[in-house]
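Quick notes on the structure that follows.
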Amino acid sequence: MNRVVEFIDVGKRFGDLEVLREINMKVEFGEVVVIIGPSGSGKSTLLRCINALELITEGELIVNGISMPKQKRRAREIRLEAGMVFQQFNLFPHMTTLENVAFGPRKARGFSRKEANEIAADLLDKVGLADRSGYYPSQLSGGQQQRVAIARALAVKPKLMLFDEPTSALDPELKEEVLTVMQKVAEEGMTMIVVTHEMSFAAKAGTRLIFMDEGYLIEEGDPKAMMASPRTERLQNFLRHVT
Amino acid sequence: MTFEFDIIIDALPALLEGAKLTWYITLLGLLGGMTLGVLAGLGRTAGTRQVGIAASGIHIAINRTLQTVSFAYVELIRGTPIIVQAMFIYFAMPMLFEVLFEVRGVRLDAVTAAVITIAINAGAYIAEIVRGSVLSINKGLIEAGLATGITRFQLYANIVGPLALRRMIPPLGNQFIISLKDTSLFIVIGVGELTRQGQEIMASNFRALEIWSAVAVIYLIMTSILAFALKFFERKMRII
Ligand SMILES: Nc1ncnc2c1ncn2[C@@H]1O[C@H](COP(=O)(O)OP(=O)(O)OP(=O)(O)O)[C@@H](O)[C@H]1O
Ligand SMILES: [Mg+2]
């Protein structure tokens, strides 16, 4: 089975507010999908629905073979297969860097402490923070925290990684170190859905670009082609703002 | 009239007996209070920290019930004086049993009634402390926890619990000290705790100055021990 995510006529509303409308979309194994769109267009909500942090209100959403909302009791299985990186990092403040990363393997996957620590140490090495394993989140820079958060999500060995504006809370000079790590993850073949306004990342690592507005999926295609010649006026306007 | 230390020395064995009972009631009562407080505090937050997929059907009904029961308990206790609660548990409960179940002679001894009163009373205040600290935990952390694929129980045991506990320590210390001092009210149901011992000695020798000074100092020492223990715990739990 190569399809990791499939949206079929998906809608999501909060009370009267329609946040996602008529979403149809497929993500195949190994794709790096970059989502852009103005504030409030529903990008975060889309990611949160994939990760079962929100339940869709219309249509069907299949993640790794599990269908929402029918199988909502299996939300936890979806989360095991879909790692999430948040804009605000959200590292566990009472755990060291190593403990943060070892947490998922140990608690969610049931590895022993020793095995979990080994997994964590390897991943910290990979994101360039091997020498920070004993630090607490408050002792790290934003960029370092976000790299730990990426390692934490990877540690559970997900099939899919979701990134919600991972560099928006970072100073420009710290964005790059996070984007480099993300690019590395992409090059290793991880399936990724990334909400970001870093168009350079979309061009370099993205296999597909999606533009959302007012809950609709407006336009999608090859990132470079779309950026060079946006078909819709909305995307043209939007690109003028971000670049 | 002079301040005579000999009087205090003579009274000390009896006063320390009383202090021992005060400790006993306080510690046992607070153990019960913590249990009740955590249950009622979590009960009050049932379903309000919904992150992820909202509860449905039977779960909504369960959450509502937990919320209502916990709320009623907290309001009942906060809305009545502890002395009335003690009187009720010691004197009125046996009669209530008689009225309700027609069983006679169910009677708690005074110390048990005192322990139960502290437990029930402190439990209500601790419930509010627990509720406040649980609600203060950043939603993003809860989502990050769930996103790793853990169960809700694991979330509470490993993330919400440990973080909330750190926020609870200062207000808990406050409540522990209040509860310790509240044990002096059990003089009204004849428990031989510290205040009662002081009162009895005073009634026989009329040395109010020496006796109440000694009693006050002993209370001060006991509350300081509690405060110190909590400070120590707080320092041990501090996140860098
Ligand atoms: N839990 C919620 N309850 C009610 N409304 C919500 C909730 N979450 C999101 N919304 C609303 O849904 C809309 C889309 O929000 P969303 O966060 O998905 O947008 P976004 O595209 O990620 O925006 P941004 O770029 O600002 O992050 C917004 O109008 C927001 O106010
Ligand atoms: Mg967003």
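Structure summary
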{"item": "Accessible area in square angstrom per residue, chain B, 1.4 angstrom probe", "result": "51 Å²"}
{"item": "In nm, spacing of pseudo-spin labels at residue B:76 and residue A:2 (7 Å Cα→C-beta vector)", "result": "6.5 nm"}
{"item": "Theoretical FRET efficiency, 1/(1+(r/R0)^6), r = Cβ-Cβ of residue A:187 and residue B:27, R0 56 Å, to 0.05", "result": "0.40"}
{"item": "Table column - 3J(HN,Hα) (Hz), the range A:142-154, Karplus curve with 6.51, -1.76, 1.60, x for Gly and Pro", "result": "x, x, 5, 4, 5, 5, 4, 4, 5, 4, 4, 5, 5"}
{"item": "With every protein chain in place, the range B:27-191: carbon and sulfur % of accessible area (1.4 Å)", "result": "69 percent"}
{"item": "Interface size B-A, as summed buried accessible area [1.4 Å probe, Å², nearest 100]", "result": "2200 Å²"}
{"item": "Shape category assigned to the range A:120-226 from the gyration tensor of Cα positions, a/c cut at 1.5", "result": "prolate"}
{"item": "Part-to-part distance (alpha-carbon centres) for the range B:177-240 and the range A:26-41, which is given in Å", "result": "64 Å"}
{"item": "Rounded tilt (10° steps) of B:110-135 against the dominant C-alpha axis of chain B", "result": "40 degrees"}
{"item": "Amide H partners (placed H, <5 Å) of residue A:65, local residues excluded", "result": "none"}
{"item": "Linear extension gain, residue A:28 paired with residue A:118, 0.36 nm per residue minus alpha-carbon span", "result": "29.4 nm"}
{"item": "Relative contact order (%) - criterion: Cα under 8 Å, at least six apart; region: chain A", "result": "25 percent"}
{"item": "19 Å Cα-Cα threshold exceeded, pairs from A:175/B:139; A:26/A:175; A:12/A:43; A:175/A:204", "result": "A:175/B:139; A:26/A:175"}
{"item": "For residue A:212, distant residues with modelled amide H under 5 Å away", "result": "A:36, A:37, A:218"}
{"item": "Assigned charges on the beta-carbon of Lys, Arg, Asp, Glu; chain B dipole about Cα centre (debye)", "result": "1260 debye"}
{"item": "Loop-located GluC sites (Glu not before Pro) in the range A:107-192 whose Cβ has at most 16 other Cβ within 10 Å (DSSP)", "result": "A:188"}
{"item": "Point-to-point label distance, residue B:68-residue B:238, nm (Cα→Cβ direction, 7 Å offset)", "result": "4.6 nm"}
{"item": "Gyration tensor (alpha-carbon) shape descriptor, the protein assembly as shown, a/c threshold 1.5", "result": "prolate"}
{"item": "Whole-Hz ³J(HN,Hα) from phi, Karplus 6.51 cos²θ - 1.76 cosθ + 1.60, for the range A:49-60, glycine and proline x", "result": "5, 4, 8, 6, 7, 10, 9, 5, 10, 9, x, 9"}
{"item": "Total formal charge among the other residues, if their Cβ is under 10 angstrom from that of residue B:18, Lys/Arg +1 and Asp/Glu -1", "result": "-1"}
{"item": "Estimated vicinal HN-Hα couplings, Hz - the range B:89-97 in sequence order (Karplus 6.51, -1.76, 1.60; Gly, Pro = x)", "result": "5, 7, 9, 8, 4, x, 5, 4, 4"}
{"item": "DSSP beta bridges in chain A [antiparallel fraction, %, rounded to 5]", "result": "55 percent"}
{"item": "Cα gyration tensor, chain A - rounded (a/c under 1.5), prolate or oblate", "result": "oblate"}
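The values are calculated or read from the model by the stated rules, or taken from the named source; none is laboratory data. Values in this document were obtained by computation on a predicted structure and should not be read as measured data. All Cβ positions, even for glycine, are placed from backbone atoms using ideal geometry, and neighbour counts span all protein chains on display. Heavy atoms of the whole protein, side chains included, go into the accessibility calculation; ligands, DNA and RNA do not. Shrake-Rupley method; radii C 1.70, N 1.55, O 1.52, S 1.80 Å.
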